[in-house]
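See below for the structure under consideration.
All of the numbers you see were taken from the coordinates with simple rules; none came from a lab. As the structure is a prediction and not an experimental result, all values here were calculated from the model. Cβ: placed from backbone, ideal geometry, glycine included. Neighbour counts: every protein chain shown.
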Amino acid sequence: MTKIIYHDPQGKTHDIDVKPGQSVMEGAVRHAIPGIDADCGGACACATCHVHIKPDWWDKVGAPNPMEQSMLDFADNVTEHSRLSCQITVSEALEGLEVTIPEA
Ligand code: FES
C-alpha cells in the first residue's frame, strides 16, 4: 500500500493507504473523502476529481497530458499545480504524496 495524504476542502487531512495501480481518485472515492465526486468514473471527462499537487511533488507526478489539460480548462480554482486525480496512478514512488482538493 502507498500512503496518500488528502487535504479536503474543509481543511481536514486524511492519510489513506491506496493500493498501487489504483488512481489517486479511486483512493479518495473508496474512502469517501469529501470534494472528489468523480462523476465520469475516471474517464477524464468531467474534472470533478481536480486536485492541487503539493509543489514539492510536482516533478514526480508530472504535468497533465493534452486531453487532461483541456478538461482542466473547464475546472474552477485551477493552478499551475492542478491535475485530475483519476489520471494519476498510485505507485510506491508516490509514498507520502500530498494533494489538496480545491473548493468546487
Ligand atoms: S473522474 Fe472525471 S475527470 Fe477524473
Give the range of the longest stretch in the chain that excludes all GluC sites (Glu not before Pro) found in loop regions by DSSP and having at most 15 other beta-carbon atoms within 10 Å.
1-79
Once normalised by the length of the range 2-100, the mean sequence separation of its alpha carbon contacts under 8 Å that are 6 or more apart gives a contact order in percent of 41 percent
Other residues with Cβ under 14 Å from the Cβ of LEU72 give, with Lys and Arg +1 and Asp and Glu -1, a net charge of -3
Counting DSSP beta bridges with both partners in the chain, what percentage is antiparallel, nearest 5?
70 percent
Below 12 Å, Cα to Cα, which aspartates and glutamates can LYS3 reach? Residues fewer than 8 away in the same chain don't count.
ASP15, ASP17, GLU92, GLU95, GLU98
Loop only by DSSP, 14 or fewer other Cβ within 10 Å of the Cβ. Give me the chymotrypsin sites (Phe, Trp or Tyr not before Pro) in the range 15-104 that pass, ordered by residue number.
PHE74
Just for the Cα atoms in the range 2-100, what are the lengths along the principal axes, largest first, rounded to whole Å?
29, 27, 25
